[in-house]
Amino acid sequence: MISQITGAFVRAILVMVLVATPSLMLPGVTHDTTQIVALVALFAAALTFFEYASTYPGLVEFRDAPPFNRLRYLSLFATVLLLSAIVRGQSEPTTLTSFIEVLGNKLGEAIDVPYSPVRLVVLMLPEGMSLEHLILIRTSAGISYMISLLTLVVFVAAMRFIGWPARMGTFNVWINLPTFDPTTGGDVVERLQRDARFNIALGFLLPFLVPAAVKVASLAFEPVTLESPQTLVWTMTAWAFLPASLFMRGVAMGRIAQMIGEKRKRNAYSADADLLPA
């Protein structure tokens with residue numbers, strides 16, 4: 001119990017640091033913005049603490065199936081940290097921020113091909129934006145999208161080489177999938193497979209659909225310019241992280257459905273073997 005509460009407290013502190021990172025790194029943050037960020041950070045930390053300290057979580061999935069949430073946190077924190085460094089380097093350049101900006105610019109150039117998500121992000125911006133701002137958006141999009149792809153690769157590799165989640169011990173569906181009720185809605189395996197396909201498809205399409213939706217919405221509302229540093233960091237982070245998180249959730253649910261199906265086959269084989277005459 002003590003170790004669980006300690007782990008929950010550490011995770012709450014890490015989430016608080018994540019939320020506060022852009023405000024701590026970016027220049028020109030107003031006092032009101034700092035107060036709002038502090039309030040959001042405290043709320044996120046409290047939610048994380050109660051989710052991990054309680055016996056049964058209410059929202060956080062795969063709580064007891066590492067490294068799923070650890071990979072998601074590292075991906076999110078790396079994206080926020082690198083984007084904050086790039087934006088900070090626009091007004092207060094250092095050797096580190098210049099290196100990260102050059103790296104992100106190269107990634108943006110490599111991914112900026114016709115019909116790519118990075119190209120769509122650049123095209124969603126209104127006409128008349130400065131070339132420097134367009135390059136900044138492309139750099140941010142390139143580095144955030146690459147981090148999301150690397151996260152997916154690492155997660156799939158973890159599933160294959162460490163046997164996630166089978167080698168982590170007994171997988172409890174009630175604890176690790178609190179929003180999924182296995183007692184309703186038909187066969188569990190079919191529902192898991194259906195949800196897995198839906199999450200994978202949505203995770204793949206979102207980086208393409210979001211810029212298109214923003215571009216269409218700009219015809220009726222004020223265009224999105226992403227000129228505010230905090231808006232730029234969090235928008236690019238959400239644009240890359242949420243699809244990757246959905247994709248990971250879909251792959252994980254597909255893996256769980258496969259495990260349940262294999263266990264059913266083993267149980268059926270054992271039952272048939274017991275019925276055979278001696």
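Listing for the model above:
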item	result
Count of the range 221-255 residues which are over 20 Å from LEU71 (Cα atoms), touching a Leu at 6+ places or on another chain (Cβ under 8 Å) and not polar (S, T, N, Q)	5
Residues (among the basic types (Lys, Arg) and within 20 Å of ALA240 (Cβ to Cβ)) located in the range 56-76	ARG70, ARG72
Candidate set from the range 83-99 (those that are aliphatic (A, V, I, L, M) and within 15 Å of THR237 (Cβ to Cβ)); member that is surrounded by the fewest Cβ atoms within 10 Å (Cβ to Cβ)	ALA85
Answer residue from the range 62-78, given it is more than 16 Å from ALA157 (Cα to Cα) and crowded, with 19+ Cβ neighbours inside 10 Å and is nearest to the chain's Cα centre (by Cα) among those	LEU76
Qualifying residue in the range 226-245 (condition: within 20 Å of ARG160 (Cβ to Cβ) and either within 21 Å of the chain's Cα centre (by Cα) or part of a helix (DSSP H, G or I) (or both))	yes
Check on THR139, at pLDDT 90 or above, crowded, with 19+ Cβ neighbours inside 10 Å and under 21 Å from LEU226 (Cβ atoms)	yes
Residues being among the small types (Gly, Ala, Ser) and either touching a strand residue (DSSP E or B) at 6+ places or on another chain (Cβ under 9 Å) or at pLDDT below 90 (or both) - total across the range 181-207	2
Pairs, first in contact (Cβ under 8 Å) with a residue 24 or more places away in the chain in the range 91-107, second among the polar types (S, T, N, Q) and crowded, with 17+ Cβ neighbours inside 10 Å, C-beta under 8 Å, six or more apart	GLU101/THR139; GLY104/THR139; GLY104/SER140; ASN105/THR139; LEU107/THR139
Residue within the range 102-109 that is surrounded by 12 or more Cβ atoms within 10 Å (Cβ to Cβ), of a type in the set (D, E, K, R) and either in contact with a helix residue (DSSP H, G or I) (Cβ under 7 Å, 6 or more places away or on another chain) or under 19 Å from PHE204 (Cα atoms) (or both) present	no
Hits in the range 164-186 (condition: surrounded by 12 or more Cβ atoms within 10 Å (Cβ to Cβ) and free of Cβ contacts under 8 Å to residues at least 12 places away in the same chain)	ASP181, PRO182
Candidate set from the range 208-264 (those that are in contact (Cβ under 8 Å) with a residue 12 or more places away in the chain and charged (D, E, K, R)); member that is nearest to GLY89 (Cα to Cα)	GLU227
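The values are calculated or read from the model by the stated rules, or taken from the named source; none is laboratory data. None of the values given here were measured: they were computed from a predicted structure. No Cβ is skipped: glycine too gets one built from the backbone with ideal geometry, and neighbour counts run over all protein chains shown.
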